[in-house]
Amino acid sequence: MIDIGHGVSTQECETGGRIKLIEIQTTEHDIWDRRDSIDLNVNKKRIGPLEVFRLLPKTNCGKCGLQACMAFSVELLSGKKKLSDCVEVKEDAALKKLLAEAGYASAG
C-alpha cells in the first residue's frame, strides 16, 4: 500500500475504482436494456409539471388516485399516469397539444 497524497492510498484508489467501474457497467447495462424505449429526439419542446398543472382543472378531486392536480402533472410527465386518468379533463386541446409537442405518449 502506497500513500499517493491527500490521505488516499493506492489500495483505496484501486477498490474505489473497481466500485465506480461496476456502477458504470450497471448503468450501461440498464441503458442498453432500455435502448428501444429511449427517444433521442432532442428537438422536442421541454415542459415541466407547472406548465401541465396550469392547464388542469385544479379541482384536486383525487379521482385519478392522487391527492392533488400538481401531483398528477408530475406523474403524467413521468409516464406513470395518462391524461385519460384525469376524469375532470374533458377535451382540452391546449393540454393535448402541449403534451404532443413535447412528445409525450400520454397526450392521447
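Just a few scattered comments:
- Residue that is nearest to Ala102 (Cα to Cα), among those in segment 53-72 that are out of contact with any Asp or Glu (no Cβ under 8 Å at 6 or more places or on another chain) and either of a type in the set (Gly, Ala, Ser) or not assigned by TED's automatic domain parsing to the domain that holds Leu98 (or both): Ala71
- Consider segment 50-59 and keep the residues that are free of Cβ contacts under 8 Å to residues at least 24 places away in the same chain and surrounded by fewer than 16 Cβ atoms within 10 Å (Cβ to Cβ). The one that is nearest to the chain's Cα centre (by Cα) is Leu50.
- Where Ile47 falls short, out of the listed (1) modelled with pLDDT under 85; (2) of a type outside the set (Lys, Arg); (3) within 16 Å of the chain's Cα centre (by Cα): (1)
The values are calculated or read from the model by the stated rules, or taken from the named source; none is laboratory data. Quantities reported herein were computed from a predicted structural model and do not represent experimental measurements. Don't worry about glycine lacking a Cβ; one is built from the backbone with ideal geometry, like all the others, and counts go over all protein chains shown.
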